[in-house]
1. Restricting attention to the alpha-carbon atoms of the protein assembly as shown, what are Rg (one decimal) and Dmax (integer), both in Å?
2. Taking H as built 1.01 Å from N, whose amide H comes closer than 5 Å to the amide H of residue A:79, not counting residues under 5 places away?
3. If you keep only loop residues by DSSP, which trypsin sites (Lys or Arg not before Pro) in the range A:233-312 have at most 10 other Cβ atoms within 10 Å of their Cβ?
4. According to a simple spin-label model (label point 7 Å from Cα along Cα-to-Cβ), what is the distance in nm between residue B:19 and residue C:225?
5. What is the local net charge at residue C:196, summed over the other residues whose Cβ is closer than 14 Å to its Cβ (Lys, Arg +1; Asp, Glu -1)?
6. Whenever you get a sec, compute what percent of the accessible area on the range C:116-155 sits on carbon and sulfur atoms (1.4 Å probe).
7. Enumerate the residues in the range C:154-196 having an amide nitrogen under 15 Å from the point lying 7 Å beyond the Cα of residue C:111 toward its Cβ.
8. Can you pull out the buried accessible area for chains B and C, both sides counted, probe 1.4 Å, rounded to the nearest 100 Å²?
Amino acid sequence: MIQFNDVSKIYNGSVKAVDNVSFDVQDGEFVILVGPSGCGKTTLLRMVNQLEDITDGEIILNGKSLKELNKIEMRRKIGYVIQSNGLFPNMSIEKNVMIVPDLLGWDRKKRQDRFNHLMELIGLHPDEFRKRYPHELSGGQQQRIGVARALAADPPVMLMDEPFGALDPIIRNRLQEEFLQIQKEVNKTILFVSHDIDEAVKMGDKIALLRDGQIMQYDRPAEILNHPKNDFVSEFVGQDRVLKSTSLYSVKDLEQTVGLSPHDDSARIKTIKENTSLRIILSMLLNQEADHLVVEDSHGNKKGSLTLDHIEKFLQVEVREKNDGVSLQHE
Amino acid sequence: MEVLTITDFLNYFTNNSEQIFDYTLEHIQLVGLAIIISILIGVPLGIYLTTNDELASTVLQITSIIMTIPSIALFGIMIPILSIIGQGIGFLPALIALILYSQLPIIRNTYTGIKDVDPNIRDAAQGIGMTTVQRLWKVEIPNAMPLIMAGVRTATILNIGIGAIAAYIGAGGLGSLINQGISRSNNTMVLVGAIVVSILAIIADLVLKYIQKKFTPKGG
Amino acid sequence: MNRNKLISLIVKIIFWVGLIVFFSWAFSNDMFLPIFEEPGAFFNLLGEHLILVLISGSLAILTSIPLGIFLTRPRFRKVEFFAVNIANLGQTIPSLAILALVMGFMGIGMEAALVALFAYSVLPILQNTIAGINSVDEDKKDAARGMGLTNTQILWRIELPNAAYSIIAGVRTALVMNIGTAALAYLIGGGGFGVWIFTGIQLFDNAYLISGAVPVSMLAIAVDYLFRGMQFVLVPKGLRLARQAVS
């Protein structure tokens with residue numbers, strides 16, 4: 001667990017890059033720090049592995065204040081990925097990925113096994129890449145290697161500074177998906193800096209939205225989208241925030257809140273799975289692919305049907321009711 | 001040899017200022033003429049080489065071998081060759097040597113400068129209907145100018161140094177002070193020669209750096 | 001074969017033919033005679049020349065690489081700025097002037113020659129060491145620090161391998177210039193091939209000129225190629241690939 005207690009960073013005696021920030025990150029939680037450039041998100045991240053000194057307050061990592069920890073040792077237990085991948089051009093891919101285990105004195109066999117495992121995890125063939133050099137790889141491959149390198153010594157905590165920021169949209173999207181899969185398997189505590197609210201909504205269990213070094217809102221993505229705390233948050237997430245939020249819900253959520261209609265074979269219908277995201281459903285309905293969508297559970301049993309009306313009603317419940325103060329989530 | 005004091009130095013300087021001035025002028029003439037001829041050969045050649053990569057690598061290899069030959073050794077090789085036409089010693093072998101040494105920096109920098117012009121700029125020039133010659137004069141040479149000037153600067157500094165050594169083959173210049181000072185065991189004369197030639201090199205470096213900056217496009 | 005290749009081939013042939021003509025002319029006019037008539041003296045000069053270059057060169061390497069590393073440490077950033085400027089300025093000073101200056105203070109002899117050659121070789125190596133280390137991407141160093149490498153580990157594993165190309169290039173430049181300047185060491189009593197070259201000039205003796213000038217040129221060219229080879233062997237493969245991709 002990472003606890004930020006009244007953390008501040010002041011440059012040159014006056015410039016407040018981070019201003020009295022407090023929040024907790026639970027074990028296994030994926031937290032996105034998001035905000036416009038200059039909001040202090042990267043500084044905040046870099047304070048965790050002590051690349052930036054803490055001016056005031058403290059950061060507590062698994063019960064111990066950072067000040068009590070040896071800088072070098074603690075950094076080796078924290079995975080670190082940066083935007084421009086930071087791979088070392090003079091080292092082969094294997095040497096790059098295994099640099100921390102090497103520093104920790106792992107034996108050859110253990111290092112080799114770990115390398116093979118990590119490469120499979122990120123979907124690259126170990127033997128094909130072992131002896132190659134960063135310069136021979138595409139941007140997407142380099143960034144995957146950067147992720148593998150951060151995972152090498154199996155650190156419980158990962159810090160990621162816009163790791164996919166420099167990639168083109170298609171590759172970025174693919175790497176985001178892949179990384180979510182990896183996270184399901186490795187279950188790390190992750191702090192992830194992004195300037196892109198869509199990425200934050202897609203990836204994070206929670207989002208910390210920053211401005212001028214202060215946290216504007218720290219919440220689940222759905223809460224940030226549907227119940228922005230102030231004008232800045234609502235402007236940052238965009239006018240289409242409700243539309244964005246539909247990707248966070250599945251048909252199952254809708255079924256639990258507003259229920260389905262009995263299905264009707266007469267109309268133009270299409271069958272969908274229960275775990276499909278509402279964003280896709282909405283798009284299908286607006287596309288006029290069908291008037292009614294018939295929902296099936298994972299065993300193929302028909303549970304009922306839904307139309308645009310259901311989605312409207314669901315969003316009303318989600319957005320309006322909770323705005324009236326019935327918020328389930330309160331930090 | 002006695003230790004030199006500032007007073008000795010200044011005394012020598014004022015007593016022999018005319019001679020020092022003459023040597024300096026000789027030095028500048030030799031280096032200046034060599035550089036002008038080198039530019040007239042090196043820049044067009046460098047431009048031509050951008051159309052023939054094969055030849056470029058050959059020429060750059062040959063000029064870099066010449067550059068590796070120690071200057072006094074190049075004089076040593078040229079004297080017997082030029083004696084055939086009765087010019088073994090004096091101004092001509094020195095001039096030829098200086099021109100040879102200047103080729104690598106000038107050709108290489110011209111070639112690289114023009115090769116490095118952003119392909120998009122070249123495309124744009126073509127797109128607005130410039131002919132190859134217009135493109136060369138209006139786009140490529142101006143863009144390559146800072147690098148060409150840097151090559152000229154390197155060549156000039158090199159030539160000032162080699163020009164000093166050329167005094168030993170009778171080409172005159174500031175090296176003569178060092179040469180005569182050593183043979184007469186006149187320490188002051190040696191040091192004055194060394195200091196004046198160093199100052200000449202430093203001034204040339206600063207002036208050419210300034211010119212180089214003038215040629216660098218604003219905002220570049 | 002296309003026209004470009006043909007022109008290039010012709011230039012190459014002219015170059016080699018010129019060399020062959022020169023050597024056959026020199027041989028047929030007995031210009032290498034001193035080497036065969038006085039092999040003892042020849043090897044003596046070669047030995048003197050090599051000693052001058054090796055001693056002053058290795059001292060320069062041993063001083064300027066550590067100094068360059070030292071100056072690039074964050075604490076010395078301000079000093080580094082001055083060092084770089086002095087190195088730039090110092091390199092414009094002609095080799096003969098350096099010899100003359102040193103002689104002015106130390107008198108004549110092998111020691112003065114060694115000091116002058118040392119001073120002349122330090123600057124290019126220092127300059128290239130600093131430039132090489134500074135060219136290492138700040139991001140790479142940041143990543144290394146973030147992963148828990150100590151400053152010493154960053155130096156040995158990241159900075160020096162990445163600066164290797166530049167450092168070796170500096171050593172190559174310094175040694176080639178050193179060989180050339182050592183040929184002037186005769187003037188201040190340092191020995192070496194300069195003895196025959198300057199004797200040749202003073203006596204108008206072409207045989208001594210050629211017998212001194214050709215070997216010293218070949219020595220310089222050989223050292224140049226040796227270090228180009230070393231650049232290939234010592235620079236990590238990944239960096240060579242990176243350089244190729246850029247050029």
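The values are calculated or read from the model by the stated rules, or taken from the named source; none is laboratory data. Source: prediction; values computed, not measured. Neighbour counts are summed over all protein chains in view; Cβ atoms, including those assigned to glycine, are modelled from backbone coordinates with ideal geometry. With ligands, DNA and RNA removed, areas are computed over all heavy atoms of the protein, side chains included. Shrake-Rupley method; radii C 1.70, N 1.55, O 1.52, S 1.80 Å.
1. 36.0, 119
2. For residue A:79, the qualifying residues are A:157, A:158, A:159.
3. A:268
4. 4.6
5. -4
6. 50
7. Output list for this probe position: C:189-190.
8. Numbers: alone 11800 and 14400 Å², together 22480 Å².
Adding both sides of the contact gives about 3700 Å².
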